[in-house]
1. Find the residue count for segment 192-211, including only residues that are of a type outside the set (A, V, I, L, M) and within 16 Å of the ligand (Cβ to nearest atom).
2. Which of the helices (runs of 4 or more DSSP H) contained wholly in segment 309-426 include at least 1 residues that are under 30 Å from H86 (Cα atoms)?
3. If we scan segment 119-135, do we find a residue that is within 16 Å of the ligand (Cβ to nearest atom) and of a type in the set (S, T, N, Q)?
4. So L411 clears everything in (1) touching a residue at least 40 places away in the same chain (Cβ under 8 Å); (2) open to solvent by less than 30 Å² (accessible area, probe 1.4 Å); (3) farther than 30 Å from R22 by Cα except one condition, right? Which one?
5. Can you find, within segment 166-188, the residue that is farthest from A392 (Cα to Cα) among those that are among the aliphatic types (A, V, I, L, M) and surrounded by 13 or more Cβ atoms within 10 Å (Cβ to Cβ)?
6. For segment 238-268, give me each residue that is more than 16 Å from the ligand (Cβ to nearest atom), touching a Gly at 6+ places or on another chain (Cβ under 6 Å) and assigned to a loop (DSSP other than H, G, I, E, B).
7. Just to be sure, is R349 farther than 15 Å from V115 by Cβ, open to solvent by 10 Å² or more (accessible area, probe 1.4 Å) and free of Cβ contacts under 8 Å to residues at least 12 places away in the same chain?
8. May I ask you to say which residue of H64, H58 is surrounded by 14 or more Cβ atoms within 10 Å (Cβ to Cβ) and in a helix (DSSP H, G or I)?
Amino acid sequence: MSDPAWLTEGLAHLWMPYSQMRTALPPLPVVGTDGVRIELADGRKLIDGLASWWTACHGYNHPHITTAIRRQAETLPHVMFAGLAHEPAAKLAARLAKLLPGDLERVFFCDSGSVAVEVALKMAVQFWLNQGQTGRNKFVAFRHGYHGDTMGCMAVSDTEDEDAMHVLFRGYIPEHLICDLPVGRAAEVAFDSLLAGERGRIAGVIVEPLVQGAGGMKLHAPEVLKAISDACARHGVLLILDEIATGFGRTGSMFACEQAGITPDILCLSKALTGGSIGLGATVASRRVFEAFLSDDPHKALMHGPTFMANPLACAAANASLDLFEREPRLQQVAAIESHLREALAPCRSLPGVADVRAKGAIGVIQLEEMKGLNWLRERFVQEGLWLRPFADIVYCTPSFTMERADLARLTDGMVKVVTEWSKKF
Ligand SMILES: *Cc1c(COP(=O)(O)O)cnc(C)c1O
């Protein structure tokens, strides 16, 4: 069947993300979503192995979330959030504060993950300025880290690696201290002495806890996170956790930081916050960070306020998503997915061209020695009825937590089948 006219006509005017527009496969026309499936214009239904970039944790079109959005749309779809507040945002802030560890209790809403990180960086810099400490405007961030595509976010993502996403923009973006994750005793000592030596210039350390996502789905142990947190505390440097991808159960606990028993000074949320329905981001500050902004001096206020911050539709969706986490056994589902992924993907480990196979929570990763035949891989998955999007040197899945066993088996069988073919062909 040929593509619908809207696609053919619109494609002349669309600029797609992360795509070399000359060689990229044309996007598939989607006409609907349901549960864990994406319906294409020709009637095919693909099992979504990605939950739309980690977001649709309860599957698509969950009736509880859809109803919440519809009801909200009828009474208060949007209102500016300066000088005005509404129940969906107030409730959501209180619920997030209760769910998050320690005294992470002040929620600043925005509309995306990147903006949540930008706000966190501004908060950290101004935290020191408000206390008269000038010159603390550098961040320590990590190799293989990814924190978003806007200016501040690019600057704390990996810009050292020659293959890293934002390498072109060196020289345009501010320079920070990008180092290896402190894995092992020697690296811990090196990390500690970096903070000790540079603390006068450092505003904070930013890290994706347990899983570095877009930088290659690299995992690290809770002990590594704990070591980072301890070093920050020892040297009086703020710790920012980017839980945009890991938040809301993805790694097996509600938030990844729980597995290390740590509480950061600032924590960023987005992606699964609304169960994948509407864009929303949040930057959550500890009491100490918030209190550094309290003053009779108006210049000590946080000067940030996205036009669509705390959009009521998005907040209503997020509240509905949190209801589902309360009512349904999401974390048990994630645990079951993790053991399935471990077992089902293991056969890939011995294939020529495969460097590593790993799983954490509802994240399964097959790392290749080298990416070859990227478009071939992408097309083969679609032929198998799967929606997956290999990138860099990895084939990965981040399914919805509600994916049933049979669909999960089809997903992993398809991954093993296609990677086995790939291994023979390339
Ligand atoms: C996706 C992501 C972001 C950026 O979020 P956007 O909503 O795409 O701006 C930032 N940090 C991490 C860890 C992410 O996975």
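The values are calculated or read from the model by the stated rules, or taken from the named source; none is laboratory data. Note that this is a predicted model, so its numbers are computed, not measured. Methodologically, a virtual Cβ is constructed for each residue, glycine included, from the backbone with ideal geometry; neighbour enumeration extends over all protein chains shown. Only protein heavy atoms, including side chains, enter the accessible area calculation; ligands, DNA and RNA are left aside. Shrake-Rupley method; radii C 1.70, N 1.55, O 1.52, S 1.80 Å.
1. Here is the first cut: in segment 192-211, the ones of a type outside the set (A, V, I, L, M) are 192-193, 197-201, 204, 208-209.
After this cut, where a residue has to be within 16 Å of the ligand (Cβ to nearest atom) as well, the list is 204, 208-209.
Qualifying residue count, segment 192-211: 3.
2. Numbers: elements: 312-327, 330-345, 374-383, 405-425.
Filter on segment 309-426 gives 312-327, 330-345.
3. Within segment 119-135, not a single residue is within 16 Å of the ligand (Cβ to nearest atom) and of a type in the set (S, T, N, Q).
4. Evaluating L411 over (1) touching a residue at least 40 places away in the same chain (Cβ under 8 Å); (2) open to solvent by less than 30 Å² (accessible area, probe 1.4 Å); (3) farther than 30 Å from R22 by Cα leaves (3) as the failure.
5. Narrowing segment 166-188 to residues among the aliphatic types (A, V, I, L, M): 167-168, 173, 177-178, 181, 183, 186-187.
Filter again for surrounded by 13 or more Cβ atoms within 10 Å (Cβ to Cβ), leaving 167, 173, 177-178, 181, 183, 187.
Values: V167: 14, I173: 23, L177: 24, I178: 20, L181: 20, V183: 23, A187: 26 Å.
Here the answer is A187.
6. Applying the first criterion (more than 16 Å from the ligand (Cβ to nearest atom)) to segment 238-268 yields 238, 252-254, 258-263, 265.
Checking the rest, the ones that are also touching a Gly at 6+ places or on another chain (Cβ under 6 Å) come to 238, 252, 263.
The answer is G252, T263.
7. Details: farther than 15 Å from V115 by Cβ: yes; open to solvent by 10 Å² or more (accessible area, probe 1.4 Å): yes; free of Cβ contacts under 8 Å to residues at least 12 places away in the same chain: yes.
Yes: the conditions hold for R349.
8. Just a single option satisfies the conditions, and that option is H64.
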